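Read through the structure below, which is laid out as structure tokens, and then see the notes.
The values are calculated or read from the model by the stated rules, or taken from the named source; none is laboratory data. Predicted model only: the values in this text are computed from it and were never measured. When we count neighbours, we look across all protein chains shown, and the Cβ atoms used for this are built from the backbone with ideal geometry, even at glycine.
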Amino acid sequence: MFQKIPSVLNAKQLLDQSIRRTKKIQIHDRDKRYEIKKTIIARTETFITDLTQRLESYVKHFPSLDRLPLFYQEIIDIKIDTDKLKKSLGAVDWARKTVDMVYQTQRNALTKTGNIDFLKQKQKEIYGRVSSIVKQVNKHLVFLSEAQKILKTFPNIEEVPTVVIAGYPNVGKSSLIRQLSAAKPEVAQYPFTTKQIFVGHLEKTVRYEKKRYQIIDTPGLLDRPLSERNEIEQQAIAALRHLADLIVFLFDPSETSGYPLVEQQQMLTNIQKLFRDVPFLIVENKVDIMNTGSSYTKISCKTGQGIEELRQEILSQLP
Ligand SMILES: Nc1nc2c(ncn2[C@@H]2O[C@H](COP(=O)(O)OP(=O)(O)OP(=O)(O)O)[C@@H](O)[C@H]2O)c(=O)[nH]1
Ligand SMILES: [Mg+2]
């Protein structure tokens, strides 16, 4: 989704690169004065073109934030900060336009004169003004560079029916998505192993036609108000809010996760209040350690018990 955004250079790197481009340019003419004049003009022109094209490509390749699917809008705001991102894109766009304008107003002076010293002086002046414009937006270039690195890690979300797995930390959410799909998020015996959204896929053949579904692993959630949730938990909430056609709520009754079952139950109640329109499938994991005897679906991601039945149950409930 965001793979096309180029790596963003800072002001110094950008200016160095564009100047390096110009060094190779050498125009030949039998008339020595013409040769110097044409070379200076060609180098200046290349410097400006290279620079403005790079600046333009940064702005162009960042997505139009208001037109993105809501899930992306929300995680961009959580992980990057939408207002800052817009401001930085605006600043870089301003720099491109201003560089271009400076050059357009100086261009005639370059082409009209025959005086080499004046020409060199003008070239220096243009380079100086342009450099100071680019340096003025350095902090925005640095911000865009960071943003690009973060955007590159965002999962590719498709417009297909989607099941989101939610639950307390360490209950086995990532283990479950590993059982059900080819996605391989990290599994570990400590809470908050998963720090971002992972996407896997499920398939079902309906009348010879293969249907594709998404299964999403989320970071663990604690039972606390939305306003107290950290950035990692907020991503899980964003996935539930914008992507879920079905929520699989995973319990760990064995409490080997380190969280009491009553707390897990309390959170289920609160999450259900938050997402009233979405169907919930309640599942108890780690049945190899602990079987509560309740009527909920029981699985073990360790032994594989109940996994195929759960897969069928999920597929039958997705639209
Ligand atoms: N005995 C047993 N252990 C399990 C089972 N499922 C998961 N585990 C273990 O529980 C621990 C947590 O598993 P994860 O899949 O990382 O849990 P998670 O819910 O994704 O955890 P976070 O990403 O931290 O929220 C790991 O040590 C798993 O090996 C199970 O069915 N039985
Ligand atoms: Mg996990």
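For the condition away from ligand 2 (no atom under 16 Å from the Cβ), surrounded by 16 or more Cβ atoms within 10 Å (Cβ to Cβ) and modelled with pLDDT under 95, what is the one hit in L318, L281, L310?
L318
Every residue, every condition in (1) part of a loop (DSSP other than H, G, I, E, B); (2) in the same structural domain as S174 (by TED's automatic domain parsing); (3) of a type in the set (G, A, S), yes or no:
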{"position": "L240", "(1), (2), (3)": "no, yes, no"}
{"position": "S257", "(1), (2), (3)": "yes, yes, yes"}
{"position": "E263", "(1), (2), (3)": "no, yes, no"}
{"position": "D277", "(1), (2), (3)": "yes, yes, no"}
{"position": "K286", "(1), (2), (3)": "yes, yes, no"}
{"position": "S300", "(1), (2), (3)": "yes, yes, yes"}
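Mind telling me which of the residues T194, T218, T162 ends up being of a type in the set (S, T, N, Q), more than 14 Å from ligand 1 (Cβ to nearest atom) and in contact with a helix residue (DSSP H, G or I) (Cβ under 9 Å, 6 or more places away or on another chain)?
T162
Counting just the residues of segment 62-77 that are modelled with pLDDT under 95 and part of a helix (DSSP H, G or I), which one comes out farthest from T98 (Cα to Cα)?
R67
From (1) surrounded by 14 or more Cβ atoms within 10 Å (Cβ to Cβ); (2) on the phi < 0 side of the Ramachandran plot; (3) within 11 Å of ligand 1 (Cβ to nearest atom), pick out the condition that doesn't hold for T303.
It fails just one condition, (1).
I need the full set of residues from segment 175-191 which are among the β-branched types (V, I, T) and within 7 Å of ligand 1 (Cβ to nearest atom), in order please.
V187
Do we have any residue at all in segment 29-36 that's more than 25 Å from Q123 (Cβ to Cβ), part of a helix (DSSP H, G or I) and aliphatic (A, V, I, L, M)?
Taking every residue of segment 29-36 in turn, none turns out to be more than 25 Å from Q123 (Cβ to Cβ), part of a helix (DSSP H, G or I) and aliphatic (A, V, I, L, M).
For segment 257-273, give me each residue that is in contact (Cβ under 8 Å) with a residue 40 or more places away in the chain and surrounded by fewer than 17 Cβ atoms within 10 Å (Cβ to Cβ).
Residues satisfying the conditions are G258, E263, Q266, N270.
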